[in-house]
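Working notes, beginning with the structure itself.
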Amino acid sequence: MNQVKLILEDGTELEGESFGAYTSAAGEVVFSTAMTGYPENLTDPSFAGQILVLTYPMVGNYGVPGEELYESISRIFESDKVHVAGLVVNYYSQEHSHWHAAKSLGDWLKEYNIPGICGVDTRLLTKKLREKGALLGKIVAEEDIPMHDPNLENLVAQVSPAGVQHYGHGQHKIVLVDCGTKTNIIRCFLERDVELIRVPWDYDFTQLDYDGLFLSNGPGDPKMCQATIKHLQKALQQDKPIFGICLGSQLMGLAAGGDTFKLKYGHRSHNQPVKRTGTQRSYITSQNHGFAVDPKTLPSEWTMLFENLNDGTCEGIQHQTKPFFSTQFHPEAAGGPQDTEFLFDDFLKAVAAYKAAQ
Ligand SMILES: NC(=O)CC[C@H](N)C(=O)O
């Protein structure tokens with residue numbers, strides 16, 4: 001294996017071995033404490049521009065499954081490519097064994113020209129990221145490259161589709177604004193009674209005929225999505241149900257007149273506890289975000305719907321009178337627990353109630 005380095009903007013240099021593509025890459029270094037789910041994480045478009053550190057000490061041992069399609073979308077992955085800029089692990093298992101595996105993690109990364117570095121002390125690295133916050137960094141192979149801050153770019157424009165696509169034949173017509181959607185969100189809708197119209201992030205969906213609006217997850221700073229926010233503000237004037245996940249939740253907060261801020265090092269794992277406001281009920285959730293809505297900045301007709309039990313941050317918002325709600329976490333999971341998937345049913349119940357009242 002070739003030697004490579006991980007260099008952080010604070011001057012830290014860690015030596016390791018290359019797996020995946022032997023090439024250099026720069027981005028924002030973030031960590032995830034999820035124990036499994038690298039095929040899902042690596043294809044989640046929300047990770048665009050980020051070098052992902054996995055804290056679980058052995059990675060790659062179950063390989064990567066082969067692709068299967070379902071209604072023209074992937075049944076297996078969260079999009080059609082690997083989106084992370086690079087991958088950092090402690091021990092990379094060169095051998096893999098799983099009934100569903102079609103290739104190794106290293107070969108899969110090579111297909112997308114994404115570098116991996118292994119043999120790195122990921123505990124030391126994670127402690128550093130927790131103390132200092134997410135840092136810029138680069139994996140350096142033969143060629144040195146400059147640091148690169150992906151949050152200064154409109155990453156959503158890079159991962160959002162170019163055109164409109166239709167799926168399903170159910171009775172509820174849902175517009176999905178695709179800011180970098182995970183395919184499991186589409187699967188969750190298609191398992192229900194939905195016809196889905198998937199539109200690009202800057203598409204003027206207000207001219208469409210629909211029953212409910214959904215705003216997807218996506219990469220980068222939500223404030224880059226001004227076109228989506230503008231269209232969403234029009235939708236907030238109406239009464240059609242709206243549901244947003246992760247970036248979609250942040251966009252709802254911004255469109256409502258609130259503010260978002262960058263968390264020190266974000267939440268990326270499959271065991272984040274959240275509590276539903278006004279209840280004693282908590283849920284274990286899948287999360288992947290670096291920004292959050294500041295609930296103090298929300299207008300009085302909006303309230304916090306879920307709160308993170310680790311750090312008290314806002315995990316979703318809700319309108320007091322209209323059927324508008326969001327989650328900062330991922331009810332669609334993939335990977336992670338499916339405990340909050342019922343929120344898709346709640347959204348579609350609100351859609352049915354809205355239609356019945358017309
Ligand atoms: N998964 C997401 O949608 C992430 C949203 C946003 N890019 C963040 O990091 O907070």
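The listed residues are T183, T206, and the only one of them that is among the β-branched types (V, I, T) and surrounded by 19 or more Cβ atoms within 10 Å (Cβ to Cβ) turns out to be T183. Inside region 275-294, can you point out the residues that are within 24 Å of F342 (Cα to Cα) and within 15 Å of the ligand (Cβ to nearest atom)? Answer for region 275-294, where residues must be within 24 Å of F342 (Cα to Cα) and within 15 Å of the ligand (Cβ to nearest atom): T285, S286, Q287, N288, H289, A292, V293.
Can we say A26 is open to solvent by 10 Å² or more (accessible area, probe 1.4 Å), among the small types (G, A, S) and out of contact with any Leu (no Cβ under 6 Å at 6 or more places or on another chain)? Talk me through it step by step, then tell me what you get.
Details: open to solvent by 10 Å² or more (accessible area, probe 1.4 Å): yes; among the small types (G, A, S): yes; out of contact with any Leu (no Cβ under 6 Å at 6 or more places or on another chain): yes.
Spelling it out, A26 is indeed open to solvent by 10 Å² or more (accessible area, probe 1.4 Å), among the small types (G, A, S) and out of contact with any Leu (no Cβ under 6 Å at 6 or more places or on another chain).
Selection of first residues in region 240-256 that are more than 14 Å from L305 (Cβ to Cβ) and within 9 Å of the ligand (Cβ to nearest atom) and of second residues that are part of a loop (DSSP other than H, G, I, E, B) and polar (S, T, N, Q), restricted to Cβ pairs under 8 Å at least 6 apart or on distinct chains, gives the following pairs, ordered by first then second residue: L247/S216; L247/N217. Listed residues Y56, Y22; which is closer than 25 Å to P337 by Cβ, part of a loop (DSSP other than H, G, I, E, B) and modelled with pLDDT of 95 or more? One residue alone meets the criteria, Y56.
Can you find, within region 39-81, the residue that is nearest to the chain's Cα centre (by Cα) among those that are more than 16 Å from the ligand (Cβ to nearest atom) and crowded, with 24+ Cβ neighbours inside 10 Å? Among those that are more than 16 Å from the ligand (Cβ to nearest atom) and crowded, with 24+ Cβ neighbours inside 10 Å, it is L54. Of the residues making up region 124-148, those that are touching a strand residue (DSSP E or B) at 6+ places or on another chain (Cβ under 6 Å) and either open to solvent by 50 Å² or more (accessible area, probe 1.4 Å) or free of Cβ contacts under 8 Å to residues at least 60 places away in the same chain (or both) are R130, M147, H148. In region 257-274, the residue that is least open to solvent (accessible area, probe 1.4 Å) out of those that are under 20 Å from R130 (Cα atoms) and more than 16 Å from the ligand (Cβ to nearest atom) is P273. Residues that are at pLDDT below 95, more than 16 Å from the ligand (Cβ to nearest atom) and open to solvent by 70 Å² or more (accessible area, probe 1.4 Å): does region 1-9 have at least one? Within region 1-9, one or more residues are at pLDDT below 95, more than 16 Å from the ligand (Cβ to nearest atom) and open to solvent by 70 Å² or more (accessible area, probe 1.4 Å).
Output the number of residues of region 309-319 satisfying the condition of being part of a strand (DSSP E or B) and within 13 Å of the ligand (Cβ to nearest atom). Full working, then the answer.
The first filter runs over region 309-319 and keeps only residues part of a strand (DSSP E or B), leaving 314, 317-319.
So of that shortlist, the ones also within 13 Å of the ligand (Cβ to nearest atom) come out as 314.
Count: 1.
Contact annotation: residue pairs with Cβ atoms under 7 Å, 6 or more positions apart or on different chains, pairing a residue in region 166-179 that is over 23 Å from L251 (Cβ atoms) and modelled with pLDDT of 95 or more with a partner that is part of a strand (DSSP E or B) and open to solvent by 20 Å² or more (accessible area, probe 1.4 Å), are G168/E195; H169/E195; G170/E195. Within the option set F306, F324, being away from the ligand (no atom under 12 Å from the Cβ) and farther than 30 Å from V84 by Cα holds for one residue only, F324. So if I check each of L247, L176, L236, which one is closer than 30 Å to L6 by Cα and not assigned by TED's automatic domain parsing to the domain that holds E78? Matching residue, one of L247, L176, L236: L247.
When region 171-213 is filtered for residues that are assigned to a helix (DSSP H, G or I) and within 16 Å of the ligand (Cβ to nearest atom), the ones remaining, listed by number, are T183, N184, I185, I186, C188.
Condition (residue is more than 26 Å from T43 (Cβ to Cβ) and open to solvent by 40 Å² or more (accessible area, probe 1.4 Å)) applied to region 322-329: is it met by at least one residue? Can you show your working first?
Filtering region 322-329 down to residues more than 26 Å from T43 (Cβ to Cβ) leaves 322-325.
So of that shortlist, the ones also open to solvent by 40 Å² or more (accessible area, probe 1.4 Å) come out as 322-323.
Checking region 322-329: at least one residue is more than 26 Å from T43 (Cβ to Cβ) and open to solvent by 40 Å² or more (accessible area, probe 1.4 Å).
Count of region 149-168 residues, restricted to those that are away from the ligand (no atom under 16 Å from the Cβ) and open to solvent by 50 Å² or more (accessible area, probe 1.4 Å), is 4.
The values are calculated or read from the model by the stated rules, or taken from the named source; none is laboratory data. Please read all numbers here as calculations on a predicted model, not as lab measurements. A quick note on method: Cβ atoms are made from the backbone with ideal geometry, for glycine too, and the neighbour counts reach across all protein chains shown. Quick note on the areas: whole protein, heavy atoms, side chains included, nothing else; ligands and nucleic acids left out. Shrake-Rupley method; radii C 1.70, N 1.55, O 1.52, S 1.80 Å.
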